[in-house]
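Each remark here refers to the structure printed beneath this line.
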Amino acid sequence: MFYIAEMNRIEVHCHFLPRLDDGCVSVVESVECLRMMREAGYSRVFCTPHCCASMFSDPPAEEVERRVALVAAAAEKAKIGVQVRAGGEVRLNPQMVEQLSRQGIPTYGHAGKYVLVDLWEEDWPEWAVRGVEWLQGRGLTVILAHPERMPALISGKTTIEEIAKLGVLFQGNLGPIGGNDAGPIVALSRRFLYEGRYFMVGSDGHHASHLAMRLMGLKAIEEIVGAEQSRQLTEVNPGRLWG
């Protein structure tokens, strides 16, 4: 059972679009995920399929928008009351600049202002720095997804302070904050939360089967840093992305 609240939260990281990556496998599952988000106090959802990751395809913006419209229509028919917009989760890699120059950058709402990125390397390579700076050079604010899960930060080969110096913002995952991950990841997520490192938090939800456990992080945030900080992380700061 997850934390229920009547709020106006905004989901900033999920894989609810059907059959695009390792997320939802059908529109039915997509709608069920949106229903669960609504019950947890969310009224708006950015869907952020993987991009520039070798194990997934890179659908064009038009295809992402088509599936957003499909899911939004199904949610409206089910009377869930959640708005849905497109986005993406860009994998930082040595070929990223070439890839994005060719296919476009999947920013939040395709509005050309904020972009979500991730990295799974054992360190923080120089090409990642160049990739972040390339995105920033196009007027984008770069937000790094789930730093608490990054191998380079877990191992201590780099620090969040070093990455923050690049002007990067951070998005924490609700699962680890709520205790739903390996011990070191949970500890790191709660440290970052307590230190005020996160600009916003998201579920990183992929399937309805695990979403309830991830959403328990909402209650943990209120217990650790209070209701007002929870509102900043789930409503106020994400509201800048929604516009």
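The values are calculated or read from the model by the stated rules, or taken from the named source; none is laboratory data. Source: prediction; values computed, not measured. Glycine also receives a Cβ, built like all others from the backbone with ideal geometry; neighbour counts cover every protein chain displayed. Ligands, DNA and RNA are stripped out before the accessible areas are found, and what is left, the full protein with its side chains, is counted by its heavy atoms. Shrake-Rupley method; radii C 1.70, N 1.55, O 1.52, S 1.80 Å.
Just a few scattered comments:
- Two-site FRET efficiency, GLU222 against TRP242, from Cβ-Cβ distance with R₀ of 25 Å, rounded to 0.05: 0.70
- Distance between modelled label sites at GLN95 and ALA187, nm, 7 Å Cα→Cβ extension: 3.8 nm
- Our estimate of slack between GLN136 and HIS207, defined as 0.36 nm per intervening residue step minus the Cα-Cα distance, is 22.4 nm.
- Computed over the chain, the convex hull of the alpha-carbon atoms projects to a mean area of 11.7 nm².
- Using θ = phi - 60° and Karplus 6.51 cos²θ - 1.76 cosθ + 1.60, couplings along the range 183-196 (whole Hz; Gly, Pro as x): x, x, 6, 4, 4, 5, 4, 6, 5, 4, 5, 4, 7, x
- Spacing of the two label points (7 Å from each Cα toward its C-beta) at ALA69 and GLU122, in nm: 4.7 nm
- Segment LYS113-THR159, extension gain: residue separation times 0.36 nm, minus the distance between their alpha carbons: 14.0 nm
- Whether the range 14-54 is rounded, prolate or oblate, judged on the alpha carbon gyration tensor where a/c under 1.5 counts as rounded: oblate
- Relative contact order of the chain, pairs being alpha-carbon contacts under 8 Å that are 6 or more residues apart, as %: 21 percent
- Each Lys and Arg contributes +1 and each Asp and Glu -1, all at the Cβ; summed about the Cα centre of the chain, the dipole is approximately 560 debye.
- Dipole magnitude for the range 68-210: computed about the Cα centre from +1 point charges on Lys and Arg Cβ and -1 point charges on Asp and Glu Cβ, it is near 520 debye.
- Column: log10 I(q)/I(0), Debye, Cα scatterers of the range 145-239, q = 0.11, 0.17 Å⁻¹: -0.28, -0.69
- Here the Kirkwood formula puts the hydrodynamic radius of the range 42-111 at 12.9 Å, using every distinct Cα pair.
- The alpha carbons of the range 49-153 occupy a box of 47, 29, 26 Å along the principal axes, longest dimension given first.
- What the range 71-194 shows is 44 Å² of accessible area per residue, with the surface traced by a 1.4 Å probe over protein heavy atoms.
- Computed helical MRE - 222 nm, the chain, DSSP H runs ≥ 4 contributing -39500 (n - 2.57), nearest 500: -11500 deg cm²/dmol
- With N the number of residues in the range 122-195, Rg(Cα) / (2.2 N^0.38 Å) evaluates to 1.13.
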